[in-house]
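The structure under discussion appears below in the form of structure tokens.
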Ligand code: KG4
Ligand code: ZN
């Protein structure tokens, strides 16, 4: 599909005139969007059709590369995205029988800048080669729109509980781009709290799923860990006190020499405290806004206890992406890009933002 100039927006850069071409909304015509995700340690690609929905996706996880270091090493992440991204796109397009998409969406932030630049550079290079529009997508908007890939997607408005390795946010979502941040973490993100606790218990990286698996064998009432800020009126979170409480119990068990016997109980009690806090605040936020739908998304959204607790305790409807689309993936970027296609730019600007507020996105011009 050719580029369709709807408006010209001239910007001056150091004496140079640069012409930005705005793309007319394409959603009225059938459109296939290629999504590219490279913000952290997963190389994700996907094809989303405005008619058929998701028509293919592929993911390469770098977990094994980073595991030996106990966390993500940014330089290794960037290099591996360079190595894997193009072959993954080629394989995806061949499998789906698509020669070229109509648009490309890539994660422009927040994330590791070097890693983001690999996806942004590739997206813009392919956009030039294929002469198609390129959309810069906010990673957390991708997470919060991931349930739109499912058979029974939520209607607006809804409350989004976004829980990932880098973020913990409660957002009132009134429509695409109309986001109000109601609460966030004052210290560690929810996924970070899972990962750090897992590390204390001698589990590998990423710790969240390993801790959840260990917790299954434990007694979640064994340790009365704090539910941080649960009974305060604020909708903000803080996980550092919980982390410290876990650390003290681990040290005590080490001193007694019985940590091996206590690990599962500590994991289960931590998970229960973290989930109680997330669920309690999310329900409070939804009720305070009069919202009867909650979307749970982001890596920690894959936690089974979190899913079952919120479904049991919330009187409204709860929506999640399927498990594989809770953690980082290309499909959520493809669908978010397709929904924001009216904002596509020409393939000249690579955006890579380490920090980017979700509230600054705004409603796209076409909606
Ligand atoms: O969304 P995501 O893939 O990456 C970021 O954008 O950060 O989230 C990764 C986080 C990690 O902290 C990981 O430990 C956590 O999600 N996670 C889980 C589970 N699966 C992934 N935490 C708790 N329970 C799980 N089942
Ligand atoms: Zn993420």
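The values are calculated or read from the model by the stated rules, or taken from the named source; none is laboratory data. None of these values were measured; they are calculated from a predicted model. For neighbour counting, all protein chains shown are included, and Cβ atoms are generated from backbone atoms with ideal geometry for every residue, glycine included.
Apart from one condition, residue 184 fits all of (1) within 16 Å of ligand 2 (Cβ to nearest atom); (2) farther than 24 Å from residue 338 by Cβ; (3) in a helix (DSSP H, G or I); the exception is (3). Put simply, of 68, 72 the only residue that is over 20 Å from residue 35 (Cβ atoms), touching a helix residue (DSSP H, G or I) at 6+ places or on another chain (Cβ under 6 Å) and modelled with pLDDT under 95 is 72.
Within region 164-206, being within 10 Å of ligand 1 (Cβ to nearest atom) and either in contact with a strand residue (DSSP E or B) (Cβ under 7 Å, 6 or more places away or on another chain) or under 18 Å from residue 360 (Cα atoms) (or both) holds for 167, 189, 190, 191.
Can you find even one residue in region 142-159 that is within 13 Å of ligand 1 (Cβ to nearest atom) and surrounded by fewer than 21 Cβ atoms within 10 Å (Cβ to Cβ)? No: region 142-159 contains no residue that is within 13 Å of ligand 1 (Cβ to nearest atom) and surrounded by fewer than 21 Cβ atoms within 10 Å (Cβ to Cβ). The criterion of being within 16 Å of ligand 2 (Cβ to nearest atom) and either outside any loop (DSSP other than H, G, I, E, B) or modelled with pLDDT under 95 (or both) does not hold for residue 265.
Pairing each residue of region 116-132 that is free of Cβ contacts under 8 Å to residues at least 12 places away in the same chain with any residue that is surrounded by fewer than 17 Cβ atoms within 10 Å (Cβ to Cβ), provided the two are 6+ apart or on different chains, yields C-beta distances under 9 Å for 129/100. Scan region 204-238 for residues that are touching a residue at least 60 places away in the same chain (Cβ under 8 Å), part of a loop (DSSP other than H, G, I, E, B) and either crowded, with 20+ Cβ neighbours inside 10 Å or away from ligand 2 (no atom under 16 Å from the Cβ) (or both) and report the count. Residues that pass the stated criteria total 3. Is it the case that some residue within region 285-292 is closer than 30 Å to residue 118 by Cβ and outside any helix (DSSP H, G or I)? No, every residue in region 285-292 fails to be closer than 30 Å to residue 118 by Cβ and outside any helix (DSSP H, G or I). In summary, residue 164 fulfils each of the numbered conditions (1) free of Cβ contacts under 8 Å to residues at least 24 places away in the same chain; (2) crowded, with 19+ Cβ neighbours inside 10 Å with the single exception of condition (1). Contact annotation: residue pairs with Cβ atoms under 7 Å, 6 or more positions apart or on different chains, pairing a residue in region 34-57 that is closer than 19 Å to residue 132 by Cβ and within 11 Å of ligand 2 (Cβ to nearest atom) with a partner that is modelled with pLDDT of 95 or more and assigned to a strand (DSSP E or B), are 37/44; 37/107.
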